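Read through the structure below, which is laid out as structure tokens, and then see the notes.
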Amino acid sequence: MTTTNTLVRYSGAATLVLAASMAKADTEVEMHGIIDVYGGAHNPLGEDRWTGKLSAGGKDTSYWGISARHQVNDGLAVVGDIEAFFRPDSAEQGRFDGDVFFARNANVGVETEYGTVRGGRVTAPLFLPMVFTNPFGGSFEFSPANYHTYAGGPQYAHLVGDSG
């Protein structure tokens, strides 16, 4: 068993134990996610043929997640998220082979009336403003802006990285 598999199993078990132990009236646990699959036709540039395609991630990248919020007292709450990408067309975890298991989010934090502070893996600061101002949303399949910002050429080298 690899270290990654061991880590994933232990973190999954710890999450379930934590969620079960916190299941009181002042604790909220939510499961959420997106499944995105699309079908279409593809015509490679310069060729006279069309190919049918069934794929994932046309509009959004599929993921599942668990969020928890525990109200400690009137002005203080402990919050946390774990979210992992998956490929519904191939039933594999991650956005690509070798992707980190909780690549989308894996964090804990403290929430007060003055704001929230989180530590861990959180969404990249540029990604959400890009999604909200882009007519194609978070699509890496159809949006040139998303694709070139995170997977573009040398002119974007300072931005190329991870959206999660």
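Read the figures in this text as sums done on the coordinates, not as results from a lab. Computed from a predicted model, the values in this text were never measured in an experiment. Cβ: placed from backbone, ideal geometry, glycine included. Neighbour counts: every protein chain shown.
Observations
- FRET E, pair Ser90, Tyr114, Förster distance 41 Å, beta-carbon r, rounded to 0.05: 0.40
- Here is the list for the range 80-137: chymotrypsin sites (Phe, Trp or Tyr not before Pro) lying in DSSP coil, each with at most 11 other C-beta atoms within 10 angstrom of its C-beta, are Phe96, Tyr114.
- Qualifying GluC sites (Glu not before Pro) in the range 29-124, DSSP loop, other Cβ atoms within 10 Å at most 10: Glu47, Glu113
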